[in-house]
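Report on one structure; see the data block that follows.
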Amino acid sequence: MNLIQLYLNNQKTPRNFRVENAGDEATIYLYDVIGGDWFGGISAKDFAAELTGITANTIHLRINSPGGDVFEGRAMATALQQHPAKIIAHVDALAASSASWIALAADEVEIADGAFFMIHNSWTLAMGDKKSMSDTAALLERLDETFVADYAKRTGKTENEIRAWMDAETWFGAQESIENGFADRIAESPKKTKNHWNLAAYKNAPKIQQSEELQVDRAGLERRLSFLEKIAA
C-alpha cells in the first residue's frame with residue numbers, strides 16, 4: 001500500500017466535511033481524507049473545534065473516508081469518546097485505515113449495504129541510517145499494538161485474530177463487519193451505496209461499485225490516452 005499514492009489518486013475526488021444541527025440531534029459528514037496538512041483533508045484540529053461546538057444530545061457521524069494520518073485519526077477518535085453526546089457512526093460507503101477506529105469510537109456503528117471497513121498495519125515514509133530505520137519500525141510496531149488492543153476491545157476478537165487481519169489488509173463487507181464486531185447493524189437503505197474513492201493504492205481493495213462520477217472520469221481518461229497513443233504512432 002502506498003499512502004502517498006492514495007492521496008494523489010484522490011486529490012480531485014469530491015470531498016465533504018460539514019456539520020448540520022437540527023434541534024436535539026446533529027450530523028457530521030466526514031467524507032474526506034483524514035489529516036489536512038499535505039493533501040487538503042480534514043484536520044483533527046478543525047474536527048475537534050466543530051465537535052466542541054455541538055450541544056445536541058445525539059450526534060450522527062456519517063463516514064466515507066479512505067483513511068489518512070494515524071495521529072490525526074487518533075485525535076479525532078479521542079475527541080468523539082470525550083464528547084458527552086451519544087455518538088452514532090454511520091459507515092455510508094467506506095471506513096478504511098484510520099477512519100475505521102474513528103467509527104469505532106462511536107457508541108453505536110451502523111453500516112450501509114455495500115459499504116466496507118478496512119484495517120491494516122501502520123504505514124509511513126522514512127529516511128536515514130539503519131538506526132533511524134529500526135527506530136521507525138519500532139514506532140510502527142508500537143502503534144499497531146495500540147490499534148490491535150482497540151479493535152480487540154471493541155469487537156471481542158482475540159488480539160492474534162486482529163493482528164492477522166491487519167497483516168493481511170483485510171476488508172469487511174457490511175455483513176462481515178457485523179459478524180466480526182465492527183458494526184452493530186446494517187442501515188435501512190433503498191439501494192446499495194457507491195464508493196467514490198480511488199483505492200488502487202491498497203493491495204487488497206475489493207472491486208466495489210464506483211460512483212457515476214468516477215465512471216465518467218475514467219471514460220474521459222481512456223479517450224485522452226487513446227488520443228495520445230494515436231499521436232505517438
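The values are calculated or read from the model by the stated rules, or taken from the named source; none is laboratory data. The model shown is predicted, which means the values in this text are computed figures rather than measured ones. Here the Cβ positions follow ideal geometry from the backbone for every residue, glycine too, while neighbour counts run over all protein chains shown.
Table for the structure above
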read-out: Residue in segment 1-48 that is modelled with the highest pLDDT, counting only those that are of a type in the set (D, E) and assigned to a loop (DSSP other than H, G, I, E, B); value: D24
read-out: Among the residues listed as E176, E110, E188, the single one being among the acidic types (D, E), out of contact with any helix residue (DSSP H, G or I) (no Cβ under 8 Å at 6 or more places or on another chain) and part of a helix (DSSP H, G or I); value: E176
read-out: Residue that is surrounded by the fewest Cβ atoms within 10 Å (Cβ to Cβ) [pool: residues in segment 49-93 that are assigned to a strand (DSSP E or B), modelled with pLDDT of 95 or more and aliphatic (A, V, I, L, M)]; value: I88
read-out: Which listed residue is of a type in the set (A, V, I, L, M, F, W, C) and surrounded by fewer than 18 Cβ atoms within 10 Å (Cβ to Cβ), from A115, A138; value: A138
read-out: Residue in segment 143-188 that is surrounded by the fewest Cβ atoms within 10 Å (Cβ to Cβ), counting only those that are touching a residue at least 40 places away in the same chain (Cβ under 8 Å) and of a type in the set (K, R); value: R185
read-out: Out of M166, M133, M118, sole residue that is in contact with a Phe, Trp or Tyr (Cβ under 6 Å, 6 or more places away or on another chain), more than 28 Å from I54 (Cα to Cα) and among the hydrophobic types (A, V, I, L, M, F, W, C); value: M118
read-out: Tally, over segment 142-166, of residues that are among the aliphatic types (A, V, I, L, M) and either more than 21 Å from I178 (Cβ to Cβ) or at pLDDT below 95 (or both); value: 2
